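Written below as structure tokens is the structure these notes are about.
The values are calculated or read from the model by the stated rules, or taken from the named source; none is laboratory data. Only a predicted model underlies this, so the values are computations on that prediction, with no experimental measurement involved. Here the Cβ positions follow ideal geometry from the backbone for every residue, glycine too, while neighbour counts run over all protein chains shown. Quick note on the areas: whole protein, heavy atoms, side chains included, nothing else; ligands and nucleic acids left out. Shrake-Rupley method; radii C 1.70, N 1.55, O 1.52, S 1.80 Å.
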Amino acid sequence: MKSLSASLLTLFLFVNAACAADPLESRRVQPPPDELPTCTIQRTATGIVVDGKADDADWKRATPIPFVSPWNDVEKEGDQATVARMLWDDDNLYIVYVCQDPYLDSEVTKHDGSVYEEDAVEIFATPNADDVGTYYGYEMNINGAILDYIAFKGGTERTGDIQFAWESEGVQIATTYDGTLNDHSDTDRSWILEIAIPFDNYRHLGGTIPPQDGNLWRLNLNRTAGYKGQFNLWSDTHTPTADFHRAVYFGRAIFSTAQVGK
């Protein structure tokens, strides 16, 4: 178990309340949807190599999961789109995020560092669809640094308890990027993050581990703003400003034993 200074805890809770430093003062420009999004996670057929390139044959066949930007006018600000894909096998949940980004911004390299202040992607998830208020958070930046925790936040409120002492096990992360990292004098293009999360990490929340055909998880996939960026996410959290910790609005992810592309 690790210790966390009071100053870091205070900083994290403050920043996450606003969902990171917000240079664009993003406020809702799109109405929230009437229904939660649903996706199907199929099994990998040929296997995934976690190298941050998103060029595995199975990734090309997997269903894209486009993010929405409810707090940004993309016609005026430009579209910094994010598209994810998810697959699984007996051991791991695999996710790849492909992020358009004109200003690559990532300096944190320390585990449990403040990756949410720069370009980062996230997954908040629970295999227990009957208790969305308790979930695991994984936040990862372009450097491959990870902040992981268990959150006891309730279904609708962003207040609550986050336990940073919880540590994930066996997670694999790889990234690549197209541009010049942390040089904002030019215009960059994109970055990719690929992650494999062992299902054993979710064994304490309930649900069936590993998943079985038809099992439902509640989760959300998010992206922080970084430098002059845009907050976006898969399942809209219905908030007036960017706020990801609203578990009641996590999307529905259904596991299928059907192999991708078949």
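Here's the yes/no breakdown for (1) assigned to a strand (DSSP E or B); (2) at pLDDT 95 or above:
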| site | (1), (2) |
| --- | --- |
| GLU169 | no, yes |
| TYR177 | yes, yes |
| THR180 | no, yes |
| ASP183 | no, yes |
| ILE192 | yes, yes |
| ASP213 | no, yes |
| ARG218 | yes, yes |
| GLN230 | no, no |
| SER235 | no, yes |
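Please tell me if ALA165 is farther than 28 Å from PRO64 by Cβ and of a type in the set (Gly, Ala, Ser).
yes
Restricting attention to region 237-253, report how many residues are farther than 30 Å from HIS184 by Cα and part of a strand (DSSP E or B).
Residues that pass the stated criteria total 3.
Taking the criterion of being at pLDDT 95 or above, assigned to a loop (DSSP other than H, G, I, E, B) and open to solvent by less than 50 Å² (accessible area, probe 1.4 Å), would at least one residue in region 144-159 satisfy it?
For region 144-159, residues at pLDDT 95 or above, assigned to a loop (DSSP other than H, G, I, E, B) and open to solvent by less than 50 Å² (accessible area, probe 1.4 Å): present.
From the residues in region 74-116 that are in contact with a Gly (Cβ under 8 Å, 6 or more places away or on another chain) and under 24 Å from ARG27 (Cβ atoms), which one is most open to solvent (accessible area, probe 1.4 Å)?
TYR103
List, please: which pairs have Cβ atoms under 6 Å, are six or more places apart or on different chains, and start with a residue in region 209-224 that is under 19 Å from ASP89 (Cα atoms) and end with one that is of a type in the set (Phe, Trp, Tyr) and surrounded by fewer than 24 Cβ atoms within 10 Å (Cβ to Cβ)?
What qualifies is ILE209/PHE199; ILE209/TYR202; PRO210/PHE199; PRO211/PHE255; ASN215/PHE255.
Any residue in region 124-135 that is over 25 Å from ILE41 (Cβ atoms), small (Gly, Ala, Ser) and outside any strand (DSSP E or B)?
There is no residue in region 124-135 that is over 25 Å from ILE41 (Cβ atoms), small (Gly, Ala, Ser) and outside any strand (DSSP E or B).
Tally time: how many residues in region 56-73 are open to solvent by less than 30 Å² (accessible area, probe 1.4 Å) and of a type outside the set (A, V, I, L, M, F, W, C)?
5
Determine if region 66-83 includes at least one residue that is among the aliphatic types (A, V, I, L, M), modelled with pLDDT under 95 and in contact with a Lys or Arg (Cβ under 6 Å, 6 or more places away or on another chain).
Looking through region 66-83, none of the residues is among the aliphatic types (A, V, I, L, M), modelled with pLDDT under 95 and in contact with a Lys or Arg (Cβ under 6 Å, 6 or more places away or on another chain).
Among residues belonging to region 236-255 that are surrounded by fewer than 21 Cβ atoms within 10 Å (Cβ to Cβ) and polar (S, T, N, Q), point out the one that is farthest from ASN220 (Cα to Cα).
THR241
Of all residues in region 72-95, which are under 16 Å from GLN212 (Cβ atoms) and charged (D, E, K, R)?
Hits for region 72-95 are ASP89, ASP90, ASP91.
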